[in-house]
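The values are calculated or read from the model by the stated rules, or taken from the named source; none is laboratory data. Treat the numbers as computed from the prediction; the structure is a model and nothing was measured. Here the Cβ positions follow ideal geometry from the backbone for every residue, glycine too, while neighbour counts run over all protein chains shown.
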Amino acid sequence: MPNQFVENISVKIVADQNMPLVQELFSPYGEVQLLPGRDICAADIVDAQVLLVRSVTKVNRQLLEGSSVKFVGSATIGTDHIDQEYLASVGIAFAHAPGCNAESVVQYDLSVMCRLMPDWRQKTVGIVGCGNVGGRLYQRLRDLEVRCRVYDPFLSLLDIPDMGTFDSILGCDIICLHTPMTIDGEYPTKHLFDRQALAQLRPDSLLINAGRGAVIDNNALLEGFKNGFSGHVALDVWEAEPRVDTELLAYVALATPHIAGYSQEGKRNGSEMVYRAFMAYLGEQVANESGSFKEAYVALEAHSLNEAILGSYDVALDDRRMRDEINAAQASGDMEAVAQAFDRLRRDYQVRRECSFYAVSNQLKALRDYRSLGFAVI
């Protein structure tokens, strides 16, 4: 991209304050202003040339029209918060970070399984959507010799040997949802798990949604619980977030505030991928690994794979924090306080590390299993 862009000393970069490394990576190219992602509005970016967001910022004509923005970067896997057609129509460059937090979401899924179905390795796991995240989960489970079925209408048996129909997925012991949120096309995913699909789940099944909230019809799920559905459900994403349905919250087995991909490594990867795309936009080479660094492993005390997974990340702790915060907000009688509590939980989320940050003892059995999840061995 034109040198004029780089040389323009008035370049302004507006970024979500939850993106790590933004100052370090982008400050050489302009003044960086950090803002809460959900609060970014048209007035904030009217004189900005670069906008860096996460999934809570809706980037569309309403936000961008009349602004000076030339480059939008989203440090996320998903793009349903971005109106890419509008960006293309007005010549605004766009980049995102597919796969940046895939390992983090896999770690989340496994932590849920360890908590709610400890014998998960003897179960059949259905994966809906086999892209960056679902594909990574599928590979990890296959490495561990877990039986899998996959539903993804955009792939074939040549891509995934365990491909099945949607109905076959509904009969699995564990079902993990990792689709984007789409409302049109031949295979829309909005309310893919509607009343009819939910009614076909096994009564002892485990349903995990760490993809997009509206893939499950939350009203139908609540109705199912009220009508006696006895399966386990873990929700990291919610159809009306940040306005969580507190009635549904009371029924689900594990509840978290859209943080499945919030590992330190995942966030860094997202920022660095957007940075590399920005450098390509400028026509410049990335001189180094954009701030990446190798850290010493932290030893993990564990006597089984489940213990190691929960030692690296225990989803039950996030569940407890969310229920405490949301229930306290609900008690105030102000439903807007519930939304604020949800956003606060995301904004103030504690540092969480992926399996690759930890090392287990080489005296454990089946070390290949630990290595397959990224654990180091010491």
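Considering only residues in segment 231-282 that are surrounded by fewer than 24 Cβ atoms within 10 Å (Cβ to Cβ) and of a type in the set (Lys, Arg), the one that is farthest from Arg353 (Cα to Cα) turns out to be Arg243. Might you check whether a residue that is over 24 Å from Pro153 (Cα atoms) and either surrounded by fewer than 17 Cβ atoms within 10 Å (Cβ to Cβ) or without any contact (Cβ under 8 Å) to a residue 60 or more places away in the chain (or both) occurs anywhere in segment 189-209? Yes.
Going residue by residue through segment 199-217, is there one that turns out to be among the aliphatic types (A, V, I, L, M), out of contact with any strand residue (DSSP E or B) (no Cβ under 8 Å at 6 or more places or on another chain) and more than 21 Å from Asn327 (Cα to Cα)? Yes, segment 199-217 contains at least one residue that is among the aliphatic types (A, V, I, L, M), out of contact with any strand residue (DSSP E or B) (no Cβ under 8 Å at 6 or more places or on another chain) and more than 21 Å from Asn327 (Cα to Cα). Please tell me if Arg149 is closer than 15 Å to Gly134 by Cα and under 21 Å from the mean Cα position of the chain (by Cα). When the stated conditions are applied, Arg149 does not pass them.
Would you be able to tell me the number of residues in segment 314-339 that are more than 23 Å from Gly266 (Cβ to Cβ) and either assigned by TED's automatic domain parsing to the domain that holds Gly37 or loosely packed, with under 15 Cβ neighbours inside 10 Å (or both)?
From segment 314-339, those more than 23 Å from Gly266 (Cβ to Cβ) are 323-324, 326-339; that's our starting set.
Keeping just the survivors that are either assigned by TED's automatic domain parsing to the domain that holds Gly37 or loosely packed, with under 15 Cβ neighbours inside 10 Å (or both) gives 324, 327-328, 331-336.
Residues flagged as more than 23 Å from Gly266 (Cβ to Cβ) and either assigned by TED's automatic domain parsing to the domain that holds Gly37 or loosely packed, with under 15 Cβ neighbours inside 10 Å (or both) within segment 314-339 amount to 9.
Go through segment 352-367 and give me each residue that's in a helix (DSSP H, G or I) and either in contact with a helix residue (DSSP H, G or I) (Cβ under 8 Å, 6 or more places away or on another chain) or of a type in the set (Val, Ile, Thr) (or both). Even if it seems obvious, please write down each step before you answer.
Of segment 352-367, the ones in a helix (DSSP H, G or I) are 355-357, 367.
Selection gives Cys355, Ser356, Phe357.
Tell me, which residue of segment 297-313 that is outside any helix (DSSP H, G or I) and not polar (S, T, N, Q) is surrounded by the most Cβ atoms within 10 Å (Cβ to Cβ)? Checked segment 297-313; the qualifying residue surrounded by the most Cβ atoms within 10 Å (Cβ to Cβ) is Tyr313. Listed here are the helices (runs of 4 or more DSSP H) enclosed by segment 34-127 that have at least 3 residues being farther than 17 Å from Asp236 by Cβ and of a type in the set (A, V, I, L, M, F, W, C): 42-45. For Val11, the conditions (1) at pLDDT below 90; (2) farther than 20 Å from Arg276 by Cβ are fulfilled apart from (2).
In segment 131-149, which residue that is part of a loop (DSSP other than H, G, I, E, B) and not β-branched (Val, Ile, Thr) is surrounded by the most Cβ atoms within 10 Å (Cβ to Cβ)? Walk me through it before giving the result.
Step one: of segment 131-149, the residues part of a loop (DSSP other than H, G, I, E, B) are 131, 144-146.
After this cut, where a residue has to be not β-branched (Val, Ile, Thr) as well, the list is 131, 144-145.
Working: Gly131: 19, Leu144: 16, Glu145: 10.
If we take residues in segment 131-149 being part of a loop (DSSP other than H, G, I, E, B) and not β-branched (Val, Ile, Thr), then Gly131 is surrounded by the most Cβ atoms within 10 Å (Cβ to Cβ).
Does at least one position in segment 51-60 carry a residue that is of a type in the set (Val, Ile, Thr), surrounded by fewer than 22 Cβ atoms within 10 Å (Cβ to Cβ) and either touching a Leu at 6+ places or on another chain (Cβ under 6 Å) or free of Cβ contacts under 8 Å to residues at least 24 places away in the same chain (or both)? No: zero hits. When the residues of segment 150-185 are filtered to those that are touching a Leu at 6+ places or on another chain (Cβ under 9 Å) and in contact (Cβ under 8 Å) with a residue 60 or more places away in the chain, the one that is surrounded by the most Cβ atoms within 10 Å (Cβ to Cβ) is Cys176.
What about Tyr349, is it surrounded by 14 or more Cβ atoms within 10 Å (Cβ to Cβ), part of a loop (DSSP other than H, G, I, E, B), hydroxyl-bearing (Ser, Thr, Tyr) and not assigned by TED's automatic domain parsing to the domain that holds Cys114?
On the way: surrounded by 14 or more Cβ atoms within 10 Å (Cβ to Cβ): yes; part of a loop (DSSP other than H, G, I, E, B): yes; hydroxyl-bearing (Ser, Thr, Tyr): yes; not assigned by TED's automatic domain parsing to the domain that holds Cys114: yes.
Judged against the criteria, Tyr349 is a match.
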